[in-house]
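Here the structure is laid out as structure tokens; the discussion comes afterwards.
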Amino acid sequence: MYVATDYPSYRLARRSQLLKRSALQEMLVAASRPEILSFALGLPAADLFPVDAYREAVATVLGDPRALQYGPPSEPLKRHIVQLMARRGVHCRAEQILLINGAQQGLALLAQLLLDDGGQVMLEELSYPGFQQVINLFRPAVVTVPTDPASGIDVEGVAACLARSRPAFLYAISSGHNPLGVSLTAEQQCELVALARHYRTPIVEDDAYGFIYYQDRPVPALRALDEEMVFYIGSFSKILAPALRTGWIIAPERFIPKLEIIKEASDIGTASLAQRTIAAVLDTGILPDHIAHLRRQYQARRDAMIQALEECFPLEAEWHTPDSGFFIWITLPEWVHSGELLARAIHEEQVAFVPGHAFCSQGGIHGTNCLRLNFSHCSIAQIEEGIARLGRLLKQQLVPTQMATVR
Ligand SMILES: Cc1ncc(COP(=O)(O)O)c(C=O)c1O
């Protein structure tokens with residue numbers, strides 16, 4: 001009889017030893033239990049998905065059976081993206097666009113285009129784990145630059161690192177940083193682009209949250225400043241819905257054929273049905289109003305979370321109000337271990353968040369006293385309840401040793 005221990009032994013590729021489940025995937029499992037109020041993942045609000053528009057769009061595109069066939073990239077969708085990008089201050093042409101399966105695939109494709117095995121990559125000490133997962137397979141030499149919860153990437157730190165290293169590219173989240181919630185100022189952007197030009201180091205701009213801003217006049221995307229040095233990644237995940245897994249890269253036109261080959265080797269092409277459906281949704285012209293609606297709704301959730309934090313969290317906790325995106329970054333006293341806090345939060349209070357260390361890149365700060373809260377997914381009532389529970393736990397944790405002050 002065959003038993004598990006009879007597995008034949010064979011060698012897996014060395015690369016497979018580098019595969020680590022991201023802390024966020026672990027979180028998805030723990031936080032998906034129905035009784036848990038989760039501020040963990042960066043999920044959009046399901047109640048804000050434009051379900052009717054999708055239903056009608058799918059019905060329309062299925063009128064043509066080629067929607068279910070292999071197919072070339074959708075030119076109408078590219079034309080819509082050209083228009084959409086004007087809202088981020090970017091002028092681009094359809095020839096500079098590659099349609100992809102979400103921003104995450106954009107990171108993987110650009111890493112394959114730009115990064116050699118063992119090459120250098122520059123990123124902030126706190127950054128999106130999905131990007132770190134992508135580059136880990138290249139065994140990169142990570143050049144870590146300081147970042148600040150209030151002001152984001154330290155441009156002087158970038159300049160100092162560029163003076164002594166030659167990274168393949170700098171990874172930057174220009175708006176609604178994940179996990180910090182900060183957005184680059186126009187001044188930071190100009191300085192970064194000037195450095196990119198001076199050191200001939202391209203910037204991979206991840207703009208997954210770029211359309212979800214809460215100020216009246218957002219700073220345009222980095223790509224608006226330079227079409228040679230900036231590779232831009234955009235996504236429909238946060239402005240329509242992530243399930244169709246559709247996004248786009250804007251790159252210098254001469255690199256598009258190479259990116260198309262890398263993309264073809266990876267998955268032949270972005271799903272025809274998804275491309276056509278999104279194009280059909282955009283044909284209806286609902287997107288500007290829909291984005292305005294999302295921004296109002298998410299802003300209300302952000303404000304509710306900030307207010308609940310003010311009321312319920314101990315005075316030792318620090319945060320900044322994000323002007324874009326889905327996240328609030330909390331810094332607790334040095335000695336608090338947010339991983340241990342999470343275990344207690346799930347077990348005792350049925351609330352989840354992501355501990356700060358999940359976002360730390362090699363060689364930077366450890367973030368063990370920090371945590372990331374998502375405010376886009378839960379309702380306002382759930383936000384108030386969940387933050388009250390977390391605040392209760394934190395005060396218990398802080399009071400015996402530190403005589404925490406109640407805010
Ligand atoms: C900074 C950042 N980049 C990329 C992604 C991936 O987005 P997509 O769903 O478009 O693949 C996410 C997902 O939350 C993200 O936070």
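Brief remarks on what is shown
- Within the assembled protein chains, the solvent-accessible surface assigned to Asp289 is about 120 Å², based on a 1.4 Å probe.
- When the Cα positions of Ser32, Leu62, Pro322 are compared along the charge dipole of the chain, Leu62 comes out farthest toward the positive end, with charges on each C-beta of Lys, Arg, Asp and Glu.
- The calculated FRET efficiency for the pair Arg344 and Gln299, based on their C-beta separation and a Förster distance of 35 Å, comes to about 0.70.
- Accessible area of the range 38-110 belonging to carbon and sulfur atoms, whole % at 1.4 Å probe: 60
- For the range 59-69, Karplus couplings with θ = phi - 60° (6.51, -1.76, 1.60), whole Hz, Gly/Pro x: 4, 5, 5, 6, x, 10, x, 5, 5, 9, 9
- Accessible-area value, His347, 1.4 Å probe, nucleic acids and ligands omitted, Å²: 140
- This model, with +1 at the C-beta of Lys and Arg and -1 at the C-beta of Asp and Glu, gives the chain a dipole about its Cα centre of some 800 debye.
- For the range 72-181, the solvent-accessible area of protein heavy atoms averages 35 Å² per residue (probe radius 1.4 Å; ligands and nucleic acids excluded).
- Per residue, in Å², the accessible surface of the range 262-344 once ligands and nucleic acids are set aside, probe 1.4 Å: 42
- Solvent-accessible area of the range 153-226 (1.4 angstrom probe, protein heavy atoms only): carbon and sulfur portion equals 50 percent.
- Estimated 222 nm signal from helices in the chain, with DSSP H stretches of n ≥ 4 weighted -39500 (n - 2.57), rounded to 500: -12500 deg cm²/dmol
- Using bins of 5 Å that start at zero, the share of Cα-Cα pairs per bin across the range 171-290 amounts to 2, 10, 17, 20, 19, 16, 11, 4, 1, in whole %.
- Anisotropy class of the range 274-407 from Cα gyration tensor, a/c 1.5 cut: prolate
- Computed over protein heavy atoms with a 1.4 Å probe, the carbon and sulfur contribution to the accessible area of the range 227-332 reaches 52%.
- Helix 338-349 axis versus longest C-alpha principal axis of the chain: approximately 80°, rounded to the nearest ten.
- Measuring against 26 Å, Cα to Cα, the residue pairs Lys20/Lys395; Lys238/Lys263; Lys78/Lys258; Lys20/Lys78; Lys238/Lys395 contain Lys20/Lys395; Lys20/Lys78; Lys238/Lys395 as the ones spanning a longer distance.
The values are calculated or read from the model by the stated rules, or taken from the named source; none is laboratory data. Model, not experiment: these values are computed from the prediction. Cβ coordinates were reconstructed from backbone atoms using ideal geometry, including for glycine residues, and neighbour counts include every protein chain displayed. Areas reflect the complete protein model, heavy atoms only, side chains present, ligands, DNA and RNA absent. Shrake-Rupley method; radii C 1.70, N 1.55, O 1.52, S 1.80 Å.
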